[in-house]
Amino acid sequence: MSRLDTEGSAVARRGEATTTGVVGARNDAAPSNISISLTQMLDRREQRVADQQALLSRFGRPLVQLTLVTPGPVKDTAQTRFVFDQGLAAVHQALRLAGHVVLAQQGGYRVTGPEMLMVIDAEPLCIKENMLQIEERNALGRLWDVDVLEPSGASVSRQQLGWPARRCLLCDEPAHACARSGQHALADLQRAIEDKVHAFRNRLGR
């Protein structure tokens, strides 16, 4: 049983409803470390939207979606899996401390990058506030992309809660503006991510 399957089983043991914990993803195989095409990423994004709609239709509750900030064509590595595992643990802890019940979760490791969808029995704005806290306060939070979707499918924005746009990994400009303009070299962005992960591992003694 993979680590992610264990997480899903833990949800079930706490007496919460769940789907299969982790489904439709590569969990036990070694990281692929292969380059992914833009077409593959767009196809996966389209399928993820379909997965979101299926869960929203079934449960009628908000969704939390965890993905990673991983510039470059290689999305499934030992490092991205480590960062994702840390993010998933942080999300579950924040939800648990807030008393938010996880009704179902679906996702895992993929060649297009790790991802998780979680159905939450709580108010969307309250969930978003908790997710923003972990993005901003955790040492790896800038590498996590935690979205919250309302039962209607609309995304809850940072601005709705008075939070500023996320900042770039390398400068103080809004991240989306730098990404759109190609302001920074890919190698510099990847080095910044590696530095964050290395510093975090050092603090853990790993």
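Out of all the residues in segment 33-55, is one or more in a loop (DSSP other than H, G, I, E, B), under 11 Å from P114 (Cα atoms) and in contact with a strand residue (DSSP E or B) (Cβ under 8 Å, 6 or more places away or on another chain)?
no
Evaluate the following for G113: is it within 11 Å of the chain's Cα centre (by Cα) and surrounded by 22 or more Cβ atoms within 10 Å (Cβ to Cβ)?
no
Would you mind stating whether D172 is exposed (fewer than 11 other Cβ atoms within 10 Å of the Cβ) and acidic (D, E)? Can you show your working first?
Details: exposed (fewer than 11 other Cβ atoms within 10 Å of the Cβ): yes; acidic (D, E): yes.
Judged against the criteria, D172 is a match.
State all residues of segment 56-90 that are of a type in the set (S, T, Y) and assigned to a loop (DSSP other than H, G, I, E, B); if no residue qualifies, say none.
Narrowing segment 56-90 to residues of a type in the set (S, T, Y): 57, 67, 70, 77, 80.
T70, T77, listed by residue number.
At pLDDT below 95 and either in contact with a Pro (Cβ under 9 Å, 6 or more places away or on another chain) or within 20 Å of Q52 (Cα to Cα) (or both): which single residue out of P124, P164, P114 fits that description?
Residue meeting the stated conditions: P164.
In segment 189-204, what count of residues is obtained for those that are more than 13 Å from Q79 (Cβ to Cβ), surrounded by 13 or more Cβ atoms within 10 Å (Cβ to Cβ) and not aliphatic (A, V, I, L, M)?
Residues that pass the stated criteria total 0.
Does V49 meet the test of being exposed (fewer than 15 other Cβ atoms within 10 Å of the Cβ) and modelled with pLDDT of 95 or more?
Yes: the conditions hold for V49.
If you check A90 against the conditions, is it in contact with a helix residue (DSSP H, G or I) (Cβ under 8 Å, 6 or more places away or on another chain), surrounded by fewer than 17 Cβ atoms within 10 Å (Cβ to Cβ) and of a type outside the set (V, I, T)?
Taking the combined requirement at face value, the residue does not satisfy it.
The values are calculated or read from the model by the stated rules, or taken from the named source; none is laboratory data. Being a predicted model, the structure only gives us computed values, none of them experimental. Positions of Cβ are backbone-derived with ideal geometry, glycine not excepted, and every protein chain shown enters the neighbour counts.
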